[in-house]
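To start, the structure itself, in structure tokens.
Every read-out reported here was derived from the displayed coordinates using simple, explicitly stated rules and does not represent laboratory data. The shown structure was predicted, so the numbers you read here are calculated from the model rather than taken from an experiment. Note: ideal-geometry Cβ built from the backbone for every residue, glycine included; neighbour counts use all protein chains shown.
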Amino acid sequence: MLALLLLALHLAFYSTISYWHGDGSWGPRYLVFVLPFLYLPAAGLFAVVQEQRFYLVRLAIAVLVATSFTIQLLPILFNFNTYLQLSGQSARYYQPQASPLVAHPRLWFDRLQEWSLSFAAPPGVAVLTQGFSYSEGDRTRHELLPRWTLENAQIRIYPAYTVPLEGHLIVADHRPWTTEHPLPRANFALLLDGNPLADVERTDLTGEQIYWELRFTLTPQQARWGSTLTLQSDTWNPTLVTSDNPRNEDLGLFCKPLN
């Protein structure tokens, strides 16, 4: 009774404040202080069940433990802040279908599907494997671009047919060009399976060596299943060369969608 009373008073107090939900967190948060008191009667219940051999109660306890373990596993599979950034507060707090308990399994299966593409991709796709920063497109629509590359950005290709493959990339060199930090323009190149790719057509779209259109053609012998196309470039760190950009990454080029 004491444990239940503590829980009731705790809920009564925190339900009166504006952030009753605990804001950006996973788990009880405001209930952490009262959980040890709830464990006391739970321990007594387990002892009675063990002694009296209540099989249905044992089954219910096992299901409860497995469910609790699964719920606490969800934010460990990937950062729970991901969904906090993708969802709105009003939906997350008041709509069951928008609950993190529902959304996290969906996001985890999406990640699992993306991971599986590195091993069993369908024909006719290109997979960003490594050397890319996070997408700056609309993540709710799963937009892969635009995003920054790192020093070696790798794309694995899985051609659908044994025909020449036409490649088309739009990249931008957005490193700052100021009197205080006159960074030189990036030197970059395309590599195929670690070797420089010949006959890459470069077009300076603005005449300022900032926006580049790259076009190339891969023969059927070059565009083999699982071949790796690498965009290699010099890097710069915004934190080190600017005073107002806290992004601490060694960035290369900015890849933009074709449209």
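Observations on the model:
- Volume per residue that the Cα convex hull of region 122-256 spans, once the total is divided by residue count, Å³: 119
- Remark: spin-label model distance residue 7-residue 47 equals 1.9 nm, labels positioned 7 Å along the Cα→Cβ axis.
- Whole-angstrom gap from region 234-248 to region 39-55, using each part's C-alpha centre: 58
- Computed extension length for residue 121-residue 78: 13.3 nm, one decimal, from 0.36 nm per residue of separation with the Cα-Cα distance subtracted.
- Relative intensity of the chain on a log10 scale, I(q)/I(0) at q = 0.10, 0.14, 0.15 Å⁻¹, equals -0.74, -1.07, -1.16, per a Debye sum over C-alpha point scatterers of equal strength in the absence of solvent.
- Per-residue 3J(HN,Hα) values for region 103-118, derived from phi via the Karplus relation 6.51 cos²θ - 1.76 cosθ + 1.60 with θ = phi - 60°, read 6, 5, x, 5, 5, 5, 5, 4, 5, 4, 5, 4, 5, 5, 5, 6 Hz in sequence order (x marks Gly and Pro).
- If a spin label sat at a point 7 angstrom from the Cα of residue 129 along the line to its beta carbon, the backbone N atoms of region 191-208 nearer than 14 Å would be those of 191-195.
- Under-5 Å amide H pairs with residue 147, H placed in peptide plane, nonlocal only: 136, 255
- For residue 256, the shell of other residues with beta-carbons less than 13 Å away shows a net charge of -3, using +1 for Lys and Arg and -1 for Asp and Glu.
- Considering only the Cα atoms of region 2-104, their convex hull presents on average a projected area of 8.0 nm².
- Residue 224 paired with residue 31, simple spin-label distance in nm, labels 7 Å along Cα-to-beta-carbon: 5.7
- Projected area averaged over orientations for region 168-247, convex hull of C-alpha atoms, nm²: 6.7
- Put simply, when 188-199, 112-123 are sorted by average Cβ atoms within 10 angstrom per residue, most first, you get 188-199, 112-123.
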